[in-house]
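All remarks here apply to the structure that follows.
What follows is calculated from the coordinates using simple rules that are stated; it is not laboratory data. Values in this document were obtained by computation on a predicted structure and should not be read as measured data. Neighbour counts run over all protein chains shown; Cβ positions are idealised from the backbone, glycine included.
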Amino acid sequence: MGKFYPILSGLLFGAGLAISGMMDPLRVRGFLDIFGAWDPTLAFVMGGALLVMALAWLIQRRMERSLDGSTFDLPGTRLIDTRLIAGSAMFGIGWGIAGLCPGPAIASLATSFVPAIVFVAAMLAGMALFRVTLGRN
């Protein structure tokens with residue numbers, strides 16, 4: 001039962017990405033093209049996710065433990081520093097260029113393997129490079 005909730009969560013997330021069209025890099029780039037053929041679909045997907053997450057945070061505040069009995073592992077700081085800003089900028093640039101971010105890229109391995117595997121391989125290489133160079137903090 002320990003793996004049930006994470007697997008269910010991943011399946012639900014992947015299904016949401018597929019149904020909403022967020023695994024399609026052209027749709028994501030269309031959202032980012034605010035001066036061209038702008039596609040507002042992603043704004044609605046993000047808005048829906050924010051509503052669901054706001055409800056989840058309200059419920060979580062009233063719970064001492066998660067549904068599987070483990071404690072919550074929540075971030076302990078709200079520090080906005082150079083590393084956070086630089087990482088966010090790099091994420092946004094990569095997202096704009098590729099039209100993919102980690103979740104949709106991994107889900108896309110099932111539908112458009114070759115473009116997705118290139119992105120996932122580059123993402124893993126970047127994560128390894130970070131760990132070797134800066135990840136010691």
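Where a ≥ b ≥ c are the square roots of the eigenvalues of the C-alpha gyration tensor, would you call region 1-59 rounded, which needs a/c under 1.5, or, failing that, prolate if a/b is larger than b/c, or oblate?
Taking the square roots of the gyration eigenvalues as a ≥ b ≥ c, region 1-59 is oblate.
DSSP loop chymotrypsin sites (Phe, Trp or Tyr not before Pro) in region 1-50 with at most 10 other Cβ atoms within 10 Å of their Cβ, which ones?
For chymotrypsin sites (Phe, Trp or Tyr not before Pro) across region 1-50 that sit outside H, G, I, E and B with at most 10 neighbouring Cβ atoms in 10 Å, the list reads Phe35.
Please sort 123-130, 51-58, 112-119 by packing, taking for each peptide the average over its residues of neighbouring beta carbons within 10 angstrom, highest first.
112-119, 123-130, 51-58
How much net charge surrounds Pro40 when only the other residues with a Cβ under 15 Å from the Cβ of Pro40 are counted, with Lys and Arg +1 and Asp and Glu -1?
Surrounding charge for Pro40 is -1.
Restricting to Cα pairs below 8 Å that are 6+ residues apart, what does the relative contact order work out to for region 4-133? Please round to a whole percent.
It rounds to 28 percent for region 4-133.
Would you please give the FRET efficiency between Leu79 and Ala128, computed as 1/(1 + (r/R0)^6) with r the Cβ-Cβ distance and R0 = 22 Å, to the nearest 0.05?
Here the calculated transfer efficiency is 0.30.
Can you tell me what the convex hull of the Cα atoms of the chain projects to on average, as an area in nm²?
10.6 nm²
Relative to the Cα centre, what is the charge dipole magnitude of the chain, using +1 at the beta carbon of each Lys and Arg, -1 at the beta carbon of each Asp and Glu, and rounding to the nearest 20 debye?
Using Cβ point charges on Lys, Arg, Asp and Glu, the chain gives about 320 debye.
Taking loop as defined by DSSP and a crowding limit of 14 other beta carbons within 10 Å, which trypsin sites (Lys or Arg not before Pro) in region 65-137 fit?
Those that pass, being in a loop and sparsely packed, are Arg65, Arg78, Arg136.
Could you give the nm distance between label points at Lys3 and Ala54, where each point is 7 Å from its Cα heading toward the beta carbon?
According to this spin-label approximation, the distance is 3.7 nm.
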